[in-house]
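Okay, structure first, notes after.
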Amino acid sequence: MSTTVRLHDSMRRQKVTFEPLVPGKVGMYVCGPTTYTSAHVGHAYSAISFDTIRRCLLFLGFDVRYVRNVTDVDDKIIKRANEIGQDPVALAAHFADEYNRDMARFNVLPPTVEPKVSGHIGEIITVIEKLVANGSAYTVAGDVYFSCETFAPYGKLSGQSLDELRAGERVAVDERKKSPADFALWKAAKPGEPSWDSPWGKGRPGWHIECSAMTVAHLGETFDLHGGGKDLIFPHHENEIAQSQGAHGHDTFARYWLHNGFLNFEGIKMSRSLGNVFDCSQIADAVGPEALRLFCVSHHYRSPVDFELEETRGPDGAVNGVRFRSLETADRRLEYFYTTLLRIDTFVAQGGDGGAGAVVPEAETLVPTCREAVADDFNAPIVMAALGESAKLANKLLDEGKGVAKDVKRRSLARIGKDMRAVGEALGILLDQPERYLAERRARLVKRLGIDTAAVEKLLADRTAARAAKDFTRADAIRGELTAMNIELFDTPKGTDWRVADAGSD
RNA sequence: GGAGCCAUCGCCAAGUGGUAAGGCAAUGGUCUGCAAAACCAUCAUUCCCCGGUUCAAAUCCGGGUGGCUCCUCCA
């Protein structure tokens, strides 16, 4: 493990050298979802961002312990559960399972540990007891609040100062609190809410405390990496720091903070109230799940990303759906990579990998380039560029390979195929079987564009007959007909095959 | 009112002091009966604007302009 990793630490606001607590090992905590409804693209984007960071660390040889929580006790969950007359914890469990299934489609690896609030009530109470005992927290009629004034560094992560916070501007301040910024650690039980016994009577945890309890339980009082969306910096992460350091007395909670940029729609943040929320299956059905993954890793995780959206209209001019142009572009790029991989696989399967020995120099650069890029604040877009170079080299060798000895060519191609997959693993892409991906893509486009496959096959046969008879006028007329149907033909030594021509984006 | 982020080719997007990656689109070419795919070539003397620091700035500093986020649940 000699690679030096540099990463952008939100606390220091700059790129710093990463020095794990234990050499070669990484303890990482990421704020996961509150599961009260189906996950949307934003959840996926965030999950993919941190999964990519985790995969990059694995690629670099680190042993990563990845903890991602599920908030299953929360106001929104209780509200939703009460609306449909279901048990809140059961409802949360249902959506947590769905969340994991959705994320798996985007090649998000399961966390090493996935703690839930409902399973950590004891740990949470322990942390709160420490805070009450040392004067960092106070009780008011069954509620327990954290006293921000007792924590001098409060606001360091977010750059906020207690004096400048506009308390009460948008939400009325609870008059029972000593100070407006104080937040609930424990909430006294109310009718219709799940509750647990505690030293302060029946109640349930506040929002922020869970992460303080879970990090201690699964990573320790001080650990390496803490991640989450930029929106969580304040107040959530700020409060986590205050609670954890207040309870345990260390001056460091998470040693490095990672925050990912947001997914925006035409510059506007996605939110349910704006109606621009798309759920995971909608995206996966439209362009395939891997297209979203590739789209994500084509951007740096810290940058805010604009998601192109285009309304589609039916014959009557009414809006009847949306298209995700940028994801369609990503899907087309995926087609290129998988087609290249398929060509490589076929070539190697037919004539072998050339055995041991030298390869063309350019075939050896992908992995080192990837290591370097990934070690520099997980720069996935650089890796994507390198992947493109490798695919191009492979196609070039496959097309002609002029001046390259036969064995060297075989070895080079086998090497490129292997390395492209190894590097793809670091980004969570190119893990599918090429044939399967290509078949799925075609089926998806056939369905989306309403193409009559039988008619295509019929025209194909007609054209083949015309070509055999050297009736090229007829053959070209048929090609024209198919082109009008968005079908592109390609003649190969083994016959004619076809693909759906997805409209280009501009 | 406070805190912070962003502005790079028609579009997407890396690059945070050493002289502008990559993708899409476009144009020309090789290949092809014609095509498609693939490959080759061309495609930002310049990084929102104005000053400043420096031998050197897209990158640092100051001032504008425009967009976004957080201070409320939010990925």
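The values are calculated or read from the model by the stated rules, or taken from the named source; none is laboratory data. Worth saying up front: this structure is predicted, and the values here are computed from it rather than measured. Positions of Cβ are backbone-derived with ideal geometry, glycine not excepted, and every protein chain shown enters the neighbour counts. The protein model used for the area step is the full one, side chains on, heavy atoms only, and it has no ligands, DNA or RNA in it. Shrake-Rupley method; radii C 1.70, N 1.55, O 1.52, S 1.80 Å.
Can you tell me which residue in region A:17-36 is farthest from A:Phe262 (Cα to Cα), limited to those that are out of contact with any Leu (no Cβ under 7 Å at 6 or more places or on another chain) and open to solvent by less than 50 Å² (accessible area, probe 1.4 Å)?
Result: A:Gly24.
Would you mind stating whether A:Tyr66 is under 21 Å from A:Pro235 (Cα atoms) and modelled with pLDDT of 95 or more?
no
Any idea which of (1) open to solvent by 40 Å² or more (accessible area, probe 1.4 Å); (2) over 23 Å from the mean Cα position of the chain (by Cα) is the one A:Thr329 doesn't satisfy?
Looking at each condition in turn, A:Thr329 falls short on (2).
Here are A:Arg293, A:Arg272: which of them is modelled with pLDDT under 95 and either outside the structural domain of A:Tyr29 (by TED's automatic domain parsing) or closer than 27 Å to A:His226 by Cα (or both)?
From the options A:Arg293, A:Arg272, the qualifying one is A:Arg272.
Taking only pairs six or more apart or across chains, which ones have beta-carbon atoms under 8 Å, a first residue in region A:374-397 that is over 13 Å from A:Val423 (Cβ atoms), and a second residue that is aromatic (Phe, Trp, Tyr)?
Short answer, once both residue conditions are applied: A:Phe378/A:Tyr301.
Residue under question is A:Val408, and the condition is that it be over 25 Å from A:Arg105 (Cβ atoms), in contact with an Asp or Glu (Cβ under 6 Å, 6 or more places away or on another chain) and either in a helix (DSSP H, G or I) or open to solvent by 50 Å² or more (accessible area, probe 1.4 Å) (or both); does it hold?
So A:Val408 fails the test.
Which ones in region A:291-326 are over 30 Å from A:Ser10 (Cβ atoms) and either open to solvent by 60 Å² or more (accessible area, probe 1.4 Å) or outside any loop (DSSP other than H, G, I, E, B) (or both)?
A:Glu310, A:Glu311, A:Thr312, A:Arg313, A:Pro315, A:Asp316, A:Val319, A:Asn320, A:Gly321, A:Val322, A:Arg323, A:Arg325
Between a residue in region A:472-491 that is part of a helix (DSSP H, G or I) and any residue that is at pLDDT below 90 and near RNA strand B (Cβ under 9 Å from one of its atoms), which pairs come within a Cβ distance under 8 Å, given they are 6 or more apart or on different chains?
A:Thr483/A:Ala501
Just checking, does region A:145-163 include any residue being open to solvent by less than 30 Å² (accessible area, probe 1.4 Å) and more than 24 Å from A:Cys31 (Cβ to Cβ)?
No: zero hits.
Hey, can you tell me all the residues within region A:377-402 that are more than 8 Å from RNA strand B (Cβ to nearest atom) and β-branched (Val, Ile, Thr)?
Selection gives A:Val383 alone.
Test A:Thr346 against the criterion of being open to solvent by 30 Å² or more (accessible area, probe 1.4 Å), at pLDDT 95 or above and either among the charged types (D, E, K, R) or within 15 Å of RNA strand B (Cβ to nearest atom) (or both), and give yes or no.
Yes: the conditions hold for A:Thr346.
Could you please find all residues in region A:207-235 being part of a helix (DSSP H, G or I), at pLDDT 95 or above and of a type outside the set (Gly, Ala, Ser)?
A:Ile209, A:Glu210, A:Cys211, A:Met214, A:Thr215, A:Val216, A:His218 - these are the residues of region A:207-235 that are part of a helix (DSSP H, G or I), at pLDDT 95 or above and of a type outside the set (Gly, Ala, Ser).
Would region A:369-385 turn up any residue that is over 30 Å from A:Glu19 (Cβ atoms), at pLDDT 95 or above and of a type outside the set (S, T, N, Q)?
Looking through region A:369-385, none of the residues is over 30 Å from A:Glu19 (Cβ atoms), at pLDDT 95 or above and of a type outside the set (S, T, N, Q).
In region A:12-66, how many residues are part of a strand (DSSP E or B), over 27 Å from A:Val117 (Cα atoms) and in contact (Cβ under 8 Å) with a residue 12 or more places away in the chain?
Of the residues in that region, 3 qualify.
Assess whether A:Ile451 counts as being open to solvent by less than 60 Å² (accessible area, probe 1.4 Å), in a loop (DSSP other than H, G, I, E, B) and at negative phi.
yes
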